[in-house]
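The values are calculated or read from the model by the stated rules, or taken from the named source; none is laboratory data. Keep in mind the model is a prediction, meaning the values are calculated, not measured. Methodologically, a virtual Cβ is constructed for each residue, glycine included, from the backbone with ideal geometry; neighbour enumeration extends over all protein chains shown.
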Amino acid sequence: MKFFSLGASELLLILIFAILAVGPKETIRLASQARDVIGTVQKAFNELSGEVSRMASDVVSGIDDMDKKS
């Protein structure tokens, strides 16, 4: 499993460190917040990617229209 170029062993090490540093209850809360932030970032990236695709399609359509008129 890869996540932000981290393998499972690296993620496990980060999880163990987090539990030792802030405690199990706080780790769960922080993980939940991280999940929410990652979800929000992914949604924003998907929206941006879709918008860029639509804009590129509009540009290509405009170029095709100009070629047809010539």
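Among the conditions (1) modelled with pLDDT under 90; (2) on the phi < 0 side of the Ramachandran plot, PHE4 misses just one, which is (2). Considering only the stretch 13-23, I want to know if a residue exists there that is assigned to a helix (DSSP H, G or I) and either among the polar types (S, T, N, Q) or under 16 Å from the mean Cα position of the chain (by Cα) (or both). No, every residue in the stretch 13-23 fails to be assigned to a helix (DSSP H, G or I) and either among the polar types (S, T, N, Q) or under 16 Å from the mean Cα position of the chain (by Cα) (or both). Just one of the listed residues (SER9, SER57, SER5) is surrounded by 10 or more Cβ atoms within 10 Å (Cβ to Cβ) and without any contact (Cβ under 8 Å) to a residue 40 or more places away in the chain, and it is SER57. In the stretch 14-70, which residues are among the hydroxyl-bearing types (Ser, Thr, Tyr) and in contact with a helix residue (DSSP H, G or I) (Cβ under 7 Å, 6 or more places away or on another chain)? The answer is THR27, and nothing else.
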